[in-house]
């Protein structure tokens, strides 16, 4: 465990609750980047607030709330970062070698609707873009040791000055810069070549059109139409399972099981967004059922007018996406 973190002056419970709510979303996204798991980020934020409140209550000698707002955000980020470092080490959340997203079994998607909650003037709003929230970036972060991961996220994503980074990590500027340089070198080896295309904040018109074609093909169980919009070297992964399907031939096998005469039922899909990428929530109506029930979430990476990668997740996070459990149509 990391040492307790000294905090800002004491506030009452109501003041702390207001502060916590004001910073909750940006701290959640910060923890999500560190951990690549929506659920674990939830746990990390809750633990961060527990540690923060205990620290405040234990240090009543600091007096009133004067000066609190000046350093509250940095203080909370420090606590949240330490919580994430503890979780990474305790759960061995580091990938030795990244061949695909299949190696990151704890990877989960993040709803675009929640990323949209950032106001334009919030400090982290500029960092919530495709490049720093896309699944491939998060997976590459998981290769880094805990402190290197924290250094890169805090410096290159959140833009903390070197001195502030060192203070937050509880180390010297030289040591923090060394960790950052090692992290940058490792990321350069693991980030895919398409990284330069991640600058768009929202899916483009072309991507939305391809998502519409993806949805239409699935609802009509048209394997040929689904294959026609896939890249020759398309990759499909399904975290938390270690399965990886490369190329159209392997995709054809998946489509045959999903759309063929022995399929489990009929499909209805709902367009959504995850990690600033187009996504589709799939619902399955099995024979004899009157409703389409939540089944999976497909997140699409599109390159040069075709679907280059599909990352398929279960439906556990549908409530976070604001998606219903069933659809009737």
request  = Determine, for 30, 190, 23, the number of other Cβ atoms within 10 Å of each Cβ, and report the residues in order from fewest to most.
outcome  = 190, 23, 30
query = Roughly what % of Cα-Cα distances in region 205-327 sit above 23 Å, to the whole percent?
reply = 25
note = Rounded to the nearest 10, the angle in degrees between the Cα long axis of helix 38-58 and the longest principal axis of the Cα atoms of the chain comes to 10
ask   = Considering the chain, what Rg and Dmax in Å follow from its alpha-carbon atoms?
value = 21.6, 72
query = Where does helix 173-190 land angle-wise versus the long Cα axis of the chain, in degrees 0 to 90, nearest 10?
reply = 0
key: the chain - mean residue ellipticity at 222 nm from DSSP helices (-39,500 (n - 2.57) per run, n ≥ 4, rounded to 500)   = -14000 deg cm²/dmol
request  = For residue 188 and residue 208, calculate 0.36 nm times their separation in residues minus their Cα-Cα distance, and state this gained length in nm to one decimal.
outcome  = 4.3 nm
message = If you fit an axis through the alpha-carbon atoms of helix 205-219 and take the longest principal axis of the Cα set of the chain, what angle between them do you get, 0 to 90°, nearest 10?
response = 50
inquiry  = What's the ranking of 228-236, 247-255, 142-150 by average number of surrounding C-beta atoms within 10 Å, highest first?
reply    = 142-150, 228-236, 247-255
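Each reported figure results from applying straightforward, stated rules to the coordinates on display, with no laboratory input. This one's a predicted model, so the numbers in the text were calculated from it and none came from an experiment. Note that each Cβ is placed from the backbone with ideal geometry, even for glycine, and that neighbours are counted across all protein chains shown.
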